[in-house]
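Okay, structure first, notes after.
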Amino acid sequence: MSSSKPTVAQPVVATPPPDVAVLGRNGGSHGRSAPPAQVPATRGGPHADPDDPHLVTFYLPAPFKPAVSLVGDFNGWDGRANAMETDGKGLFWTTVRLGGPTHYRFCVTLDGSGKQVTVADPYAREVRWDAAGPKGFYAPERPYEWRVAGWRRTPLRDLAIYELCVRDFNGGKRDNIAQFGTFAGVEAKLDHIRDLGANAIELMPITEFPGDSSWGYNPVFYHAPKWVYGRPSAFKRLVDAAHERGIAVILDMVFNHAWPDHPYYRMYPPLFGPKGEMLEDLNPFFHHHHNSHANAWGGLDWEHSSPHTVDYMRDIVRFWIDEYQVDGFRFDWLGGVEYDPFQPHKAEFDPFSGIAPIARAARETCPDCYLIGEYWPIHGTNPLKTAAKLVRDTEVDAVWNGAFHHGLENCLFQTWEWEKQDMPAVLGGFAKQGFTRADQVVNYVVSHDERRPEYEIQFWGQHIQPGKRESQFPTRWELALQKARLGLAVLLTSPGVPMVLAGQEFGEDTPRTIDFQPLDWAKLATEGGRRQHHFLRQLLQLRREHPALRSDFVEFYWDDFPRFKVVRYKRWDNANDVVVVAANFDNVAQKTGLGFPLDGWWRNPLSGQRVRIKGHWRDFTVPAWSALIFVPER
């Protein structure tokens, strides 16, 4: 807050129609006013006049509030200087002339008692924090000139997704002081991602959260990029640079919950008392926790059946597509979003509440955007509300395939009775889960939510035996890398959209933690790191060159997996492309055979091995924790 009081900015008020009264200058509501002729599509935040950029209109949707005023550096934080007009339906606005950047908040009258609370803008494009809490920051920037025109999105089934956390991806420590990653740092690594073979990056949440260090799953301001990562223009440059390299940008968006700093919590009566007791629910945006599983991470539950919440979240997805040209969203934990504590046994996905209207708004804004959900129904949800039904009944394209991850992790970690799993169902069971296409599931060996196999096998896998031959895997580290390679081989040859976690390409072995954990890029220069990188690069190239690996078609050979721990399968498409795979999940080499649809020469693109097939069959020995992959020579 400024110690000296600057010149008060005068509100610019359009002359209302004769039958419409104007909100009193001192904050008293004398009636309703007509909103400006063109209310922005996002309904909130600061909007500069296109003909006079110094003339800025601030909008705030604030249902059921009697009065709001705008305060900031420009008026000495005087709550009486810039009272806002209202349409009487919960939308407030005022227009001021600004000479430059400003911090601002809204002074909201809570109810008829006249009590007020000062909050930041829930639609703020930028946010700064101080001892008094968050405040909006408005600094006019020149319109960004996008370099890529006519950007065309790759079909979802052709994506290879690379998940990363901006903070950790290119962060580091200098003199034991954390240096968090930035948008510019991610941009500098885009050539690495492109050369690896990924064509989409999925950014863990980048919107404003309290503090400087977080994964981002504690959101507060959904329209503002986290300021420590860079200003809005820096994120636009990142998106533009990614598109120049043929890389799509997908944002992780957290709509299940928000942290209590959110303005839409603070401008209504609290839901909880000082001892956590439930108070009367008078908030149109949030509700009480009626199921501990619905919000196991803290924060406040959004009320997704409220039209105010739905409108707010529809504004959010429209904004990121229009303003930043992002290519889609990964919606965090839709099981919580869809859980209705008042109708838990409802069997349908309501088209007007939950994720359905939000996804529809994104689709209407960008018809070919990617909409990916994380969905696992929580206890009490109607069992008919499956992930497949979510994809079928809403605009969500695909979901993270937890069944694939869990089954593969059990094998690599050799958990209790792991060999008794139904491996065809684990690797290719999308149809059994109710999906109609393979691109409706996103498969992964590990995501941000799980333990990296390279770490788990090294440090928590004492029950894992390296094998009978001592020299086969001299160290547990080498065993971990070998198992990780097998996981990647299966991932990139199974039906579904593959996703890798940043660092998998060089065997990153850090533990799972929400604390700052920068990637150790030095591993990429080690022998083991270079081998992992080359292996994954080969696999991504294989998938890119062979449409059979992007198809819906898979056939599993019969295998006695509990006994021999080998799984074999064939992939093909409708254009005569075919790939055959044998994967050995045992500590020792296994003898097996593979059926080939065509006689002639076949090649293993990973090793360069050539084999001649006669009679559509050949016997092989598959090394421990390895996969053989063959494609026909053309």
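The values are calculated or read from the model by the stated rules, or taken from the named source; none is laboratory data. Model, not experiment: these values are computed from the prediction. Positions of Cβ are generated from backbone atoms using ideal geometry, with glycine treated the same way; all protein chains shown enter the neighbour counts. We work out accessible area using only protein heavy atoms, side chains counted, and drop any ligands, DNA or RNA first. Shrake-Rupley method; radii C 1.70, N 1.55, O 1.52, S 1.80 Å.
Charge tally around THR592: other residues with Cβ under 13 Å, Lys/Arg +1 each, Asp/Glu -1 each, net +1. Accessible-area rank, largest first, for ARG147, ARG174: ARG174, ARG147, with all protein chains present and a 1.4 angstrom probe. Normalised by the number of residues in region 243-346, the average gap of Cα pairs under 8 Å and 6 or more apart makes the relative contact order 37 percent. Summing Cβ point charges (Lys, Arg +1; Asp, Glu -1) relative to the Cα centre of region 475-583 gives a dipole of roughly 200 debye. Is the shape of region 445-557 best called rounded, prolate or oblate, per the rule: a/c under 1.5 gives rounded, else a/b larger than b/c gives prolate, else oblate, with a ≥ b ≥ c the square roots of the Cα gyration tensor eigenvalues? It is prolate, given that a/c is not under 1.5 and a/b is the larger ratio. For the chain, the longest principal axis of the Cα atoms and the long axis of helix 232-244 meet at an angle of about 30 degrees. Restricting the calculation to Cα atoms, region 367-481 shows an Rg/Rh of 1.07 when the hydrodynamic-style radius is the Kirkwood one.
Taking 4.7 Å between beta carbons as the limit, the unpaired Cys residues of the chain are CYS107, CYS165, CYS411. For region 173-320, the residue among LEU196, TRP320, MET253 whose Cα projects farthest onto the positive side of the dipole built from Cβ charges is LEU196.
When the Cα positions of GLY528, ILE177, GLY615 are compared along the charge dipole of the chain, GLY615 comes out farthest toward the positive end, with charges on each C-beta of Lys, Arg, Asp and Glu.
Rounded to the nearest 20 Debye, what is the dipole magnitude of region 224-305 about its Cα centre when Lys and Arg each give +1 and Asp and Glu each give -1 at the C-beta?
500 debye
Work out the P(r) tail for region 219-275: percent of alpha carbon pairs separated by more than 13 Å, whole number.
Here the long-distance tail beyond 13 Å is 72 percent of all Cα pairs in region 219-275.
May I ask for the Rg/Rh ratio of region 133-245, computed from Cα atoms with Rh as the Kirkwood radius, given to two decimals? Ratio of gyration radius to Kirkwood radius for region 133-245: 0.98. Other residues whose C-beta falls under 12 angstrom from the C-beta of LYS385 contribute a net charge of -2, scoring Lys and Arg +1 and Asp and Glu -1.
Under the rule a/c < 1.5 gives rounded, and otherwise a/b versus b/c splits prolate from oblate, where does region 176-217 land using the Cα gyration tensor? Judged from the Cα gyration tensor, region 176-217 comes out oblate (a/c at least 1.5, b/c at or above a/b). Listed peptides 429-435, 273-279 appear in the order 429-435, 273-279 once ranked by packing, highest mean of other Cβ atoms within 10 Å at the front.
Count the net charge of all other residues whose Cβ sits under 14 Å from the Cβ of HIS533, scoring Lys and Arg as +1 and Asp and Glu as -1. Computed value for this residue: 0. Take region 54-157 with all the other protein chains still there, run a 1.4 Å probe, and you get 43 Å² of accessible area per residue.
Per-peptide packing, taken as the mean over residues of other Cβ atoms within 10 Å, places 219-230, 77-88 in the sequence 219-230, 77-88 from highest down. Seen from a random direction on average, the alpha-carbon convex hull of region 528-599 projects onto 6.3 square nanometres. The long axis of helix 355-365 is offset from the longest Cα principal axis of the chain by roughly 80 degrees. A quarter of the convex hull surface defined by the alpha-carbon atoms of region 74-199 gives 14.2 nm² as the mean projection. Rounded to the nearest 10 degrees, the inclination of helix 527-545 to the longest alpha-carbon principal axis of the chain is 90 degrees.
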